[in-house]
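Undergrad: Input: one structure, supplied below.
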Amino acid sequence: MKIVLIISCLIILSFAYTMAQNTGCVSGGVTYQDGDNFAEGCNYCECDKGNVICYPGPCGLIYCGKNIRPVQKEGECCLSCPDE
């Protein structure tokens, strides 16, 4: 009985290890491998053990002048000063 239990445990552990080694992510119809980094829109993303984790892209602070608010132009990720 003990031998059967040990063999069963080894099979389960082997299967779990194999599944952990084959983790990947799918984002936007594209498959990424664990550890891959990629851009998605204005975000930077990474595949982490089957999960897609995204962070906003780096945009610096912007000052356009007194009482002038920065705007987000179409197709751009970061704010910029409005055209004069």
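The values are calculated or read from the model by the stated rules, or taken from the named source; none is laboratory data. Here the structure is a predicted model, which means the values were calculated and not measured. So basically every Cβ, Gly included, is an ideal-geometry build from the backbone, and we count neighbours across all protein chains shown.
Undergrad: If I filter the range 19-26 for residues that are touching a Pro at 6+ places or on another chain (Cβ under 6 Å) and not polar (S, T, N, Q), do I get at least one hit?
TA: no
Undergrad: State which residue is farthest from the chain's Cα centre (by Cα) when the search covers only the range 43-80 and only residues that are of a type in the set (D, E, K, R) and part of a strand (DSSP E or B).
TA: D48
Undergrad: Looking at (1) within 26 Å of the chain's Cα centre (by Cα); (2) not in a strand (DSSP E or B), which one does D83 not meet, given that it meets all the others?
TA: Result: D83 fails condition (1) only.
Undergrad: Consider I62 carefully, then state whether it is at pLDDT 90 or above and among the aliphatic types (A, V, I, L, M).
TA: Yes, satisfied.
Undergrad: Kindly list, by first and then second residue, each pair from a residue in the range 41-52 that is over 13 Å from V26 (Cβ atoms) to a residue that is among the aromatic types (F, W, Y) and exposed (fewer than 14 other Cβ atoms within 10 Å of the Cβ), limited to pairs with Cβ atoms under 7 Å and residues at least 6 apart or on different chains.
TA: From residues that are over 13 Å from V26 (Cβ atoms), the pairs are N43/Y55; Y44/Y55.
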